[in-house]
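To keep things clear, I will list the structure first and then write my remarks on it.
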């Protein structure tokens, strides 16, 4: 059978969400039996592209050819059936079954419903053995480590004769030794007729593992090259960043304001000995890509997750529970707006006062007039576009929903705000508005910590920037004209 | 790893009548259903529309309604409480036993602790709250599914009632005052004090639900427990308190019922927990959380009352109750879902 | 490096002990209970003699009584492994008992009455599956609804004035109805028991060796992974509901046969017994884990406890005892069934 050299051909792929074109006329080829890497900043369109490939969302335009044939899966299941498997960070193994049972899940040989241990199953186990002989197929998956579970998923995809295996940031949660083992396996996949699409921001890995690389930026395709033709990290970074002009950062008078937050040696499962200080009125940024530990750091400070180390707020050790942290004057805008930040089935009025009900109540009774007034005030102050306090939060646009979350935090009279990906998934107009809000808050004397994976955002907002990689601060810089975004990218992608 | 899709910039504007919250909509919807059912019943059942009968419709499920308050709040947070029936029986039995005369008697069921009535009532209510505490411990602390725990405490409390009454009841050598509160009527009306208590509790519960911080917390937790936690609410503590409240309400009901029948009966309140759940569901409370109201539950209770009374009026045997309850609940769930889907496009 | 290895080895050793405890504790509990009741009244009765807990009569009686719950245990376990529940099994059982008694009294022979009743059981499962899987009503609420429907239906089949479908003057209940649940067939035990044993055996095999058992665990353990692998939860869980329905019907036949009548309230509380058995057997609340074999042991524990207690304490302690057993089972389950992933 004559199979084309390119296992995947993407032609003019477009994906629109209402006001944003997330994928903009992307075209490139993936050669068969290679490790093809996909890099780009957050917001470059990588994840949307992957979602289209895995059948999670549909495309708005363009075509995809799989082995020369039209490919337009309507569901993840169909994508898998067509031969494209994906290794996500949320592992898709059934802990309660054995390795062998997981390998054959959905593809068993049966007689009248009885599972038969046929050659087919033996072959699947054989695949597993050849990839990683130390895993006993009779083991329950629950006893395996994350890295081992990944290998089981890979083996399953290979055994299912998947032609393409998409690996999405697989090294974020595993140790160095396990990474080496994973890479050995990935390299051998080429001999097994599997093409790997490898997404990572850890550029060293790209160079070690990849045969070819595709760079995306702002939803567009920048370049696809064999890695042999890419000189070094710097060149990749240049392609990733382009000549982006970052929205002007307005330097604010430094002054020696007092230190409000001191973090010393903060550590937990993800974080490693994080230490820093924040002064009143400062906007401090934490920039890092996926898996860097941004959310973990925000949550640890907030008391939502346990940690070791010291956190002092206004000289006093911060309690380790969100309700007490809020009382102390710190509020968190969580990463996931809909599932963590908002009460979507409630109205704007129902959402805004939540973190400080005492302000609108007396003796436990809510004063409705006060509540409405306060909500209207918040709507006005943050310019939330809605028909009024009685609008259901679910019906607001993303940007306005995020403003409601902001309003919620501000209502708690917070003196320090933790913002986790504050403008993720929000259109450009709303982004600017939120930046304006953040700057205004800083001027009013509030201290802001921004945790973000969007470089332009960090560079346009923050006075000082800590660079995070693998749970530790790898670099710190003062914002200003002298910032070298190449250097920044170098650090957060694992460079030394 | 989550990378959310870029949200739509356009805002979906609901219908002009979007001023009415979904919750109020459902309550009105169920009121409409109630009126419809009432109308049908009047057409087919003789004397259904007589004032006396209408009064009965509004009041004869008073005990289920009191229980329904606790069940409603808990269901809003996504939890069940099936222990209320057993708890009612237990409270009644403990109250009776506690104030039965302590004098020795050949009949062991006639001998009690000889405590004053007030103390007996307090003791019984403590037991009721204690059942709630057991629920809270297993559900909040050990994170055991509420359906299983409360079925267990249902058996425990009813079982304890059976032990204290040896499977029967305690109705002898009780002080006069025992039968007072359950048998007092509003002067000149056939309305019992218990009904008034029910009305008062419903009113208070409604106020708490709509106008107090504590009531608001219940809805926040039900709407999104994770967001509630990150917003500083003490979710576990609040749910625990709701279980204590539910226990207390069951206790009050137990006191009232045992007073009305001047006996602590171990078989009392059999099936009440299911009825309380039924009226809560009829009233539009959704288990997916954060939605529903005590007033809705009250409407649900009247719907149930109309249906069962109509059945009796049509000379259907009481055995029809179960089928009717099942069918009515099922239809209500579907109808509410349908109505909400249509409304929200 | 060595320290990491050492801790992994320690974890392995500890895990092995934990696994052993998890698997064997229930047999230990059963043994303890049997022992406890055996020595309970040794001052009054002779060991293995008449009236003793382990006398042949007593054992036979217990196993006869156990037939219905043994019949239900396996299917109920599989359903719970998939993460779903059926609270209507008690009323389903009663309805089946009533219908069976009705058919028998009306003259239907066993080869007709039994299959018809089992067909009814299929109907139970069909309805539950429809509500839960198609209409997507929460299983607890859906099966409480069907609980009421089945109970109502059972009460309505029984004519007014009677408490059950039983023999009346002019329309006697044929004597052979007793045979299934009482007549001594092998080792002094009736068909009802042996059929239950066979069923348990079959379902143990189903759980361990068939697609149905594996998929139930997959759906309960990680539904997304199961769906991605091409498994359709609606289809497979519906099959489990059908299975539970048929078993409930069979249990109802056993009960009707044992009592020689169809009592519309005879199955009340069976769902609680099933839940207790399943909890004792170590099935996780959230699904994915469980064992038919251990649930059966749990069922035996319940039967032993209820019959044993009857000899020691008055009947009115039963409910309380059962409630205590449930709460104890919950606590035990909580202690033992908790995934501890290494590292």
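The values are calculated or read from the model by the stated rules, or taken from the named source; none is laboratory data. On a predicted model such as this, the values are computed, not experimentally measured, just so you know. Positions of Cβ are backbone-derived with ideal geometry, glycine not excepted, and every protein chain shown enters the neighbour counts.
Quick notes on this one:
- Set side by side, the residues A:80, A:32, A:11 differ, and just one is more than 19 Å from the chain's Cα centre (by Cα) and over 19 Å from residue A:214 (Cβ atoms), which is A:80.
- Residue count for segment C:278-305 satisfying the condition of being within 12 Å of chain B (Cβ to nearest Cβ) and closer than 15 Å to residue C:30 by Cα: 2.
- Residue B:152 within 19 Å of residue C:271 (Cβ to Cβ), in a helix (DSSP H, G or I) and over 19 Å from the mean Cα position of the chain (by Cα): no
- Among the candidates A:202, A:217, the residue that is touching a residue at least 40 places away in the same chain (Cβ under 8 Å) and either more than 17 Å from residue A:492 (Cβ to Cβ) or surrounded by fewer than 22 Cβ atoms within 10 Å (Cβ to Cβ) (or both) is uniquely A:217.
- Among the residues of segment A:132-153, some residue qualifies, meaning at least one is within 26 Å of residue A:71 (Cβ to Cβ) and buried (at least 17 other Cβ atoms within 10 Å of the Cβ).
- Within segment C:217-236, residues that are closer than 12 Å to residue A:96 by Cα and at the interface with chain A (Cβ under 7 Å from one of its Cβ atoms) reach partners that are surrounded by fewer than 18 Cβ atoms within 10 Å (Cβ to Cβ) and modelled with pLDDT under 90 with beta carbons closer than 9 Å, at six or more positions or on different chains, in the pairs C:221/C:286.
- Against the conditions (1) surrounded by fewer than 19 Cβ atoms within 10 Å (Cβ to Cβ); (2) part of a helix (DSSP H, G or I); (3) more than 14 Å from chain A (Cβ to nearest Cβ); (4) within 18 Å of the chain's Cα centre (by Cα), residue B:241 satisfies every one except (3).
- In segment B:220-233, the residues that are in contact (Cβ under 8 Å) with a residue 60 or more places away in the chain and facing another protein chain (nearest Cβ under 7 Å): B:220, B:223, B:224
- Restricting the first member to segment B:310-324 and to residues that are over 13 Å from residue B:44 (Cα atoms), and the second to residues that are surrounded by fewer than 17 Cβ atoms within 10 Å (Cβ to Cβ), the beta-carbon pairs closer than 8 Å and six or more apart or on different chains are B:317/C:160; B:318/B:312.
- Qualifying residue in segment C:181-191 (condition: surrounded by fewer than 24 Cβ atoms within 10 Å (Cβ to Cβ), touching a helix residue (DSSP H, G or I) at 6+ places or on another chain (Cβ under 6 Å), assigned to a helix (DSSP H, G or I) and within 10 Å of chain B (Cβ to nearest Cβ)): no
- Counting only residues that are crowded, with 18+ Cβ neighbours inside 10 Å and assigned to a helix (DSSP H, G or I), segment C:224-238 holds 8 of them.
- Scope segment B:147-168; condition surrounded by 24 or more Cβ atoms within 10 Å (Cβ to Cβ) and more than 8 Å from chain C (Cβ to nearest Cβ); matching residues: B:150, B:161
- Residue in segment B:218-233 that is in a helix (DSSP H, G or I), in contact with a strand residue (DSSP E or B) (Cβ under 9 Å, 6 or more places away or on another chain) and surrounded by fewer than 19 Cβ atoms within 10 Å (Cβ to Cβ) present: no
- Residues of segment B:135-145 satisfying the condition of being closer than 18 Å to residue C:85 by Cβ and facing chain C (nearest Cβ under 9 Å): B:138, B:143, B:144, B:145
- Residues in segment C:207-223 that are in contact with a strand residue (DSSP E or B) (Cβ under 9 Å, 6 or more places away or on another chain), in a helix (DSSP H, G or I) and buried (at least 17 other Cβ atoms within 10 Å of the Cβ): C:211, C:213, C:214.
- So residue B:327, is it in contact with a strand residue (DSSP E or B) (Cβ under 7 Å, 6 or more places away or on another chain), surrounded by fewer than 24 Cβ atoms within 10 Å (Cβ to Cβ), within 14 Å of chain C (Cβ to nearest Cβ) and more than 14 Å from residue B:34 (Cβ to Cβ): no
- Check on residue B:55, surrounded by 16 or more Cβ atoms within 10 Å (Cβ to Cβ), touching a residue at least 40 places away in the same chain (Cβ under 8 Å) and under 13 Å from residue B:306 (Cα atoms): no
- Criterion: within 14 Å of chain B (Cβ to nearest Cβ), touching a residue at least 40 places away in the same chain (Cβ under 8 Å) and buried (at least 17 other Cβ atoms within 10 Å of the Cβ) - qualifying residue of A:292, A:300: A:292
- Checking residue A:411 against (1) within 24 Å of the chain's Cα centre (by Cα); (2) over 28 Å from residue A:19 (Cα atoms), the condition it does not meet: (1)
- Test: residue in segment C:306-318 that is crowded, with 20+ Cβ neighbours inside 10 Å and either away from chain B (no Cβ under 12 Å) or under 25 Å from residue C:17 (Cα atoms) (or both): yes
- Residue among A:241, A:236 that alone is in contact with a helix residue (DSSP H, G or I) (Cβ under 9 Å, 6 or more places away or on another chain) and either outside the structural domain of residue A:33 (by TED's automatic domain parsing) or closer than 19 Å to residue A:424 by Cα (or both): A:241
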